[in-house]
Amino acid sequence: MVTTHNLGFPRIGAKRELKFGLERYWKAEASRDELKALGADLRARNWASQASLDLVPVGDFSFYDQVLDMSFTLGNLPERVQGFHGDKLDNYFRVARGRSAQGAEEHAACCGGVAAGEMTKWFDTNYHYIVPEFTADTQFNLDTSHLLEQLREARAQGVKAKPVIIGPLTYLWLGKAKDDSDKLALLPRIMPVYRALLDYCRVMDVEWVQIDEPILVTELDPAWRAAFATAYEGFEERSVKLLLTTYFGPLKENLDLACALPVDGLHIDGINAREEVALAARKLPEQSVLSVGAINGRNIWKTDLTATLEWLEPLAKQLGERLWIAPSCSLLHVPVDLASEEKLDPEIRSWLAFALQKLDEVKLLATALNEGRDKIAAELAANAAAIAARRDSPRVNNPAVKAALARIDAKLGHRQNGYAERAAKQAAILKLPAYPTTTIGSFPQTAEIRQARSQFKSGALDHAGYRVAMRAEIERSVREQEKLGLDVLVHGEAERNDMVEYFGEQLDGYAFSQFGWVQSYGSRCVKPPILFGDISRPKAMTVEWITYAQSLTNRPMKGMLTGPVTILNWSFVRDDQPRSVSCYQLALAIREEVLDLEKAGVRVVQIDEAALREGLPLRRSQWTEYLGWAVESFRIAANGVQDETQIHTHMCYSEFNDIIASIADMDADVITIETSRSDMELLDAFDNFRYPNDIGPGVYDIHSPNIPSEAHIVQLMQKAAERIPAQRLWVNPDCGLKTRQWAEVIPALTNMVAAAKTLRAQ
């Protein structure tokens, strides 16, 4: 009999219960006990949803981030929070976001907040994790409370529990040494803690433990490959069975290594590494389990069950009970339940599967493999009809878009002149001071904004009323910026629900869910639009709002757009054509908007590419191809303007040092980047690379409620000026301000503007 299991389940709740519970607690509107009770309730509901599986993941629930959970389990806390003796959960939030609940700041040293842990992308996804911190003196001390609490709850509920932990090599690889030490030198210290953790699992009557080592799908150097053999030999005398889990790509040169490790089973991402499944079936020891990720855990399209069965049936015959099936990766990256989507276009809805529906697909495949296809004949027929309907739908394929794509040539991606000549023309028009100040685009999404948007969507507010409400919020943002003394203003994006969804709603080829939320980090959730067909722009998307904002002030106003690569990477993208083709379609649509803004007199246009690096393949050997079409897509979108129009782009929470040459190839006049949480470490790239254009290193960590001081901002900018000529530096936050409160934003930006004045005086 084939075994069914899951690698992880969305933790936020079908109605984002976790998000709202966290935010209530942080505002001191709910108690710690209430938050913990909410967590227990969500876990119970998640396990109940997976009860028909043979094994259910436990330990995948987190109040903020699973990597941060592992840091606490291993006792690896940053020194700056080790002196706190209050509740462990509040110390956890201090590392995650710089402070905990308003009522929990009991120690004077913590009242002003501490530096939050650095945050970056989880492999090539849009999920962010808190980076573990190491030094040569780092020690590890096991704390089982997080996992054992969940195991006790699961056992009380009768759950067939499979604990989920991040493996020792992946944990070390994900972290950052805060000194010049070698992270791998910590392996002998961390392994005894892992062995003790597995012993505790056995005490809790656990048979299988899922140990995630996704770095096996990356290009590891010889030292890391050798460390796998060393580490897993240390598990040979364990008392539980280990399922070594990989995902997000093929193992390639690491396949033999993974198959030879002394574990009891191996999980392979069958969506991204299908050709390796049969190889692994031959290479694994005869007694080892092969778990196949047969359902796409990162996208929302229905699985072609018939085609998948044709692939799996020979494996089931070969392996028998040694074959397990599951989604390709944790379902953290997809929404919870398609059944909630009552307003979604019925035709498009019939093509989709969210987390619960993907588990249904796993169970259907297992039933067919265990009992024969006849047992699910009706389900197979319905699935085949949906797959065919999507493939043949005229809504998916637009000949006019394909014709426009065929007309793309190299000229579309080039400005008229080089940066130096452009910069002189722009300076003459914009007349900006040294260290010009600006923000990244959005201002707080207040209760009034959300209420007006909700009323407009429900029909309680007509278009004219909505327009009046949004204009009032835009004027508020403009007036606040003028009072603050910012040099280049933004309109505040009051009319935008999300930086990708807003544009998707105005492009043909997109569809939208009501409740298709996924976690980005902590309480931050996003609702990716569904890119199902060829993309085109029926009409202007932002011109009215930006030109209104410009009419309110004599200062330069930035037009704010999301770039084609970010729209692509933050959408659920069609899987029936190369991603590059969809990206070029988006580039042509954004290009039309840029040119319309220029015609309307907007002299500064920011095209955010926050997710450029996020789409980077996990293997360097594939980078050139991706960066080729990604950078060209940005250039097509941005570079049709005159020299006098200043093009900005923005990137956040990505380690971009290794692609800095490609970022320079984008040829934006100004790039703004996240550097505040890394204490300007991301600027190390400029030690060896002469970046040619202007740059704004973020000096205000907007993902933390902490307010940066003027002195701190000056210090950060002085560090930046050691690498980049001061005349090419801008001063700005590291990201948009929509998630913050005005009460936080005003003092933070006041300090930022004051810092710029201090820098000019110096």
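Data for the structure
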quantity	calculated
Percent antiparallel among DSSP beta bridges (both partners in region 255-408, rounded to 5)	10 percent
Pairwise FRET efficiency - ARG728 versus GLN157, Cβ, R0 = 60 Å, nearest 0.05	0.50
Nearest-20 debye value, region 182-232 charge dipole, Cβ charges on Lys, Arg, Asp, Glu	220 debye
Computed lengthening from LEU405 to LYS343, 0.36 nm per intervening residue step minus Cα-Cα distance	19.1 nm
Expected 222 nm ellipticity per residue - DSSP helices of 4 or more, -39500 (n - 2.57), all of the chain, to 500	-12500 deg cm²/dmol
In degrees, nearest ten, helix 710-721 long axis to first principal axis of the chain (Cα)	90 degrees
Estimated distance in nm for a label pair at TRP742 and ASN417, the labels positioned 7 Å out from Cα along Cα-to-Cβ	4.3 nm
Difference of contour (0.36 nm per residue) and Cα-Cα distance, ASP508 to LYS457	16.4 nm
Cα→Cβ-extended label distance, 7 Å offset, between GLU233 and GLU321, nm	3.2 nm
Test item: Cα-centred dipole of the chain, Lys/Arg +1 and Asp/Glu -1 on Cβ, debye	1280 debye
Principal-axis tilt of helix 187-203 within the chain, Cα atoms, nearest 10 degrees	50 degrees
Long-range amide H partners of GLY297 with built H, under 5 Å	SER328, CYS329
Positive-end extreme of charge dipole, the chain - chosen from SER513, GLY492, TRP570 (charges on Cβ)	GLY492
Relative contact order of region 14-88, pairs being alpha-carbon contacts under 8 Å that are 6 or more residues apart, as %	21 percent
Rounded FRET efficiency, nearest 0.05, which uses the C-beta distance separating THR758 from ALA424 and R0 of 25 Å	0.40
Between 0 and 90°, nearest 10: helix 222-233 axis offset from the chain longest Cα axis	40 degrees
Within region 305-354, GluC sites (Glu not before Pro) in DSSP loop having at most 12 other beta-carbon neighbours inside 10 Å	GLU342
Contact order relative to length of region 184-280, as percent, for alpha carbon pairs under 8 angstrom and 6 or more apart	29 percent
Of PRO78, ALA447, LEU184, farthest towards positive along the dipole that unit charges on Lys, Arg, Asp, Glu beta carbons give the chain	ALA447
Exceeding the 24 Å Cα-Cα cut-off - candidates LYS425/LYS558; LYS252/LYS402; LYS457/LYS599; LYS176/LYS252; LYS431/LYS539	LYS252/LYS402; LYS457/LYS599; LYS176/LYS252; LYS431/LYS539
R0 of 41 Å, Cβ-Cβ distance GLU644-VAL581: FRET efficiency to nearest 0.05	0.80
Contact order normalised by residue count of the chain, Cα under 8 Å, 6+ apart, percent	13 percent
Solvent-accessible heavy-atom area per residue, rounded to whole Å², over region 263-330 at 1.4 Å	36 Å²
For region 608-722, size of Cβ-based charge dipole, Lys and Arg +1, Asp and Glu -1, in debye	260 debye
Share of carbon and sulfur in the accessible heavy-atom surface of region 646-762 [1.4 Å probe, %]	48 percent
Three-way shape call for region 385-478 based on the alpha-carbon gyration tensor, with the a/c threshold at 1.5	oblate
Extended-chain gain in nm, criterion 0.36 nm per residue less alpha-carbon gap, SER31 and ALA389	123.9 nm
Highest-first arrangement of 597-608, 490-501, 243-254, 574-585, where packing means the average Cβ count within 10 Å	490-501, 243-254, 597-608, 574-585
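The values are calculated or read from the model by the stated rules, or taken from the named source; none is laboratory data. Here the structure is a predicted model, which means the values were calculated and not measured. Reconstructed Cβ throughout: ideal geometry from the backbone, glycine too, with neighbour counts over all protein chains shown. Accessible surface is based on the protein model in full, side chains and every heavy atom, while ligands, DNA and RNA are left aside. Shrake-Rupley method; radii C 1.70, N 1.55, O 1.52, S 1.80 Å.
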